[in-house]
Structures are given as structure tokens and as C-alpha cells.
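**Student:** Sharing a structure with you now.
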Amino acid sequence: MSIVEDVKNELLKRNKDYIEKIDSYDFWNNHIKFVVDEAIKLANAYGTDKEIAELGALFHDIALVSNVGTKADHHIQGAKIAMEILTSLNYPQDKKERVMNCVLHHRSSKNAENIEEICMCDGDILAHFDNIPMIFFTTLTMGKMTLNDIDMLIQGFQKDFDDLSDKTKKTFKNKYENIMQVLFGKNWRSL
């Protein structure tokens, strides 16, 4: 088995435990699998280490899936968990640190220090656009907003787009504008 398969299996085990013991939210099917897909696409497009970007994507929300820490510090806790798992799998130290930094800096591409981290960060953001029903569902069901507060959702999507790296923003711009037009009509540009 490859390191990626080992990590994915560990993540899926933790995801199953989370669903059964903590909450019914399925991190893998609602978010992480989309992040992995986008991070791999970006790594291929940008000519960087696909394995590092993919592992970063698999680990980026591991603290949430493991119910460790808070949402605010999940990048810090996730980096620690990634380091522990990769150490147990005898992954090379230099690569462990690169994966750990992908997790640590995944909150925005503005925090990214290299192209692998950008692929992971941008993959996380693009995943929000890959599963829009999940964004609407979680936002509405978690009580953060009502249909009368749609401007909050528009601003969230705009913030996501603004957080993309300049390179990804350029290639994603037309798709982003089409998504926003379909979801929110003409008024989304006025916010």
C-alpha cells in the first residue's frame, strides 16, 4: 500500500468514527474528497509534488474529523496529527515537514509559503465551489443565517475567491463569475 492509501484509510476510519460517535456530518463525502481532487489537479497544472499536495489535502481537516481542538485551531492541531501519523508510517522527515506546512498554512493561500501549499489552500477553497449544496445546507442548518441573510453567503463566496492565489484566481475567474451569476443573479456584484 502507498503512503497516500495508508493516510486515506486512516482518515476514512476517523471519519466513520466521527459520524458514528460525534455527529452525522460526513467530512469525507461533503468536503475532503473534493479538496483532494482539486489539490491534485492544481499540483499537476503547476508542476509540483502531487504526493505532498494530496497528503496535505487528506490531512487539512484531520483535527476536525478527529474531534481534537477547535475550528479556530484545527490547522495547528491537524499539523500535529499529520506529523504523528506520518512519523508512524516512517515517512521521510523533509517530506513530513512539507505536508505539515500544507496543513498548517491551509486557511488561506496568502499564508502559503510555496507552490505545494498553494495547491492545498486553493484546493480547499475550490472544493467549496464543487459542493455548493453542502455550503447552503450547513450554513442554513447551523443557524448562521436565514434566506433573508443571503448577503452573508455571497460575501463568503467572495471571500473564498479573494483568498485564492493570483494564479488560480486568474484561471478560475470565469467559472466563479458564472457560479455567482447562477446562484445570486445580477445583484451579487453590488456587494
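**Student:** From the list ASP162, ASP166, which one is farther than 20 Å from ILE40 by Cα, open to solvent by 50 Å² or more (accessible area, probe 1.4 Å), out of contact with any Leu (no Cβ under 9 Å at 6 or more places or on another chain) and modelled with pLDDT of 85 or more?
**Tutor:** ASP162 is the lone residue from the list that is farther than 20 Å from ILE40 by Cα, open to solvent by 50 Å² or more (accessible area, probe 1.4 Å), out of contact with any Leu (no Cβ under 9 Å at 6 or more places or on another chain) and modelled with pLDDT of 85 or more.
**Student:** Related question: Go through (1) open to solvent by less than 70 Å² (accessible area, probe 1.4 Å); (2) at pLDDT 90 or above for SER109 and report which single condition fails.
**Tutor:** (2) is the only condition that SER109 fails.
**Student:** Say we look at segment 64-82 and pick out the residues that are closer than 14 Å to LYS16 by Cα and open to solvent by less than 50 Å² (accessible area, probe 1.4 Å); which of these is farthest from the chain's Cα centre (by Cα)?
**Tutor:** If we take residues in segment 64-82 being closer than 14 Å to LYS16 by Cα and open to solvent by less than 50 Å² (accessible area, probe 1.4 Å), then SER66 is farthest from the chain's Cα centre (by Cα).
**Student:** Among the residues of segment 6-23, which ones are closer than 21 Å to ALA79 by Cβ and under 19 Å from the mean Cα position of the chain (by Cα)?
**Tutor:** The answer is VAL7, LYS8, ASN9, GLU10, LEU11, LEU12, LYS13, ARG14, ASN15, TYR18.
**Student:** Still on this structure, I have one more. Do we find that LYS13 is more than 20 Å from GLN93 (Cα to Cα), buried (at least 17 other Cβ atoms within 10 Å of the Cβ) and free of Cβ contacts under 8 Å to residues at least 24 places away in the same chain in this structure?
**Tutor:** In short, no.
**Student:** Return the residues of segment 93-102 that are open to solvent by 50 Å² or more (accessible area, probe 1.4 Å), among the charged types (D, E, K, R) and over 17 Å from the mean Cα position of the chain (by Cα); say none if nothing qualifies.
**Tutor:** ASP94, LYS95, GLU97 - these are the residues of segment 93-102 that are open to solvent by 50 Å² or more (accessible area, probe 1.4 Å), among the charged types (D, E, K, R) and over 17 Å from the mean Cα position of the chain (by Cα).
**Student:** Can I ask one more? Can we say ILE125 is part of a helix (DSSP H, G or I) and within 18 Å of ASN15 (Cβ to Cβ)?
**Tutor:** Taking the combined requirement at face value, the residue does not satisfy it.
**Student:** Filter segment 39-77 down to the residues that are of a type in the set (Asp, Glu), in a helix (DSSP H, G or I) and touching an Asp or Glu at 6+ places or on another chain (Cβ under 7 Å) and list them by number.
**Tutor:** Matches in segment 39-77: none.
**Student:** Assess whether ASN90 counts as being touching a Cys at 6+ places or on another chain (Cβ under 8 Å), over 16 Å from LEU11 (Cβ atoms) and surrounded by fewer than 16 Cβ atoms within 10 Å (Cβ to Cβ).
**Tutor:** The answer is no for ASN90.
**Student:** Exactly one condition in (1) open to solvent by 40 Å² or more (accessible area, probe 1.4 Å); (2) modelled with pLDDT of 95 or more is not met by TYR25; state its number.
**Tutor:** For TYR25, the failing item is (2).
The values are calculated or read from the model by the stated rules, or taken from the named source; none is laboratory data. Nothing here was measured: the structure is a model prediction, and the numbers come from that model. Every residue, glycine among them, receives a Cβ derived from its backbone with ideal geometry; neighbour counts consider all protein chains shown. Side chains are part of the model used for accessible areas, which takes the heavy atoms of the whole protein and leaves out ligands, DNA and RNA. Shrake-Rupley method; radii C 1.70, N 1.55, O 1.52, S 1.80 Å.
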